[in-house]
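Readers should treat all values here as calculations from the given coordinates under stated rules, not as data from a laboratory. Since the structure is predicted, the reported quantities are computational estimates derived from the model, not experimental observations. Note that we place each Cβ from the backbone using ideal geometry, even for glycine, and neighbour counts take in every protein chain shown.
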Amino acid sequence: MSEDPTRATRSGGPSYGSVGPHDPHADPATNPGMRPVGPATDPEGRTVAVPSDPDTAPVPTTPPRPDPVIGHTRSGGLWTGLILSAIVGIFLLVFILQNNVPVEINFLGFTGSLPTGVALLLAAIAGLLLVAIPGGLRILQLRRAAKRASR
């Protein structure tokens with residue numbers, strides 16, 4: 001092996017530097033004081049590794065750290081629901097204010113007069129309750145059955 005003239009070593013000294021114990025079993029990889037003084041060399045004596053082909057470039061040993069991912073939380077879902085509810089509420093308010101012409105409503109022998117927007121909002125709420133109440137009762141029934149089966 002020929003010595004590289006650009007290497008900063010003292011003549012007659014160890015090739016890994018002059019700091020550290022003169023122990024033949026000492027490892028320069030674990031003891032920073034025993035690392036070479038100049039630039040590191042490979043077995044062929046070159047100071048810089050130059051790939052011959054760009055496709056065979058050395059791959060980094062440690063992958064880059066991905067950005068931390070923040071999962072969904074209950075409070076985040078609550079805020080999203082709150083914002084969406086506020087937007088729907090604003091749209092409903094605009095709808096009711098724009099449709100304020102009174103209409104006559106007849107239901108089961110009762111007669112009344114309500115603004116169009118309020119009447120349509122009440123009809124939508126009634127339809128929602130007609131779907132939600134039986135669905136909620138069915139969910140409770142299934143929970144009780146699952147509890148009994150787990151015992």
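No solvent, one uniform scatterer per C-alpha: report log10 I(q)/I(0) for region 74-151 via the Debye equation at q = 0.13, 0.22, 0.25 1/Å, two decimals.
-0.68, -1.04, -1.10
Could you check the spin-label model distance between Leu128 and Gln141? Points 7 Å from the Cα along Cα→Cβ, value in nm.
2.4 nm
For region 72-113, what are the per-bin percents of Cα-Cα distances with bins 10 Å wide, up to the bin holding the maximum?
24, 24, 24, 18, 10, 0
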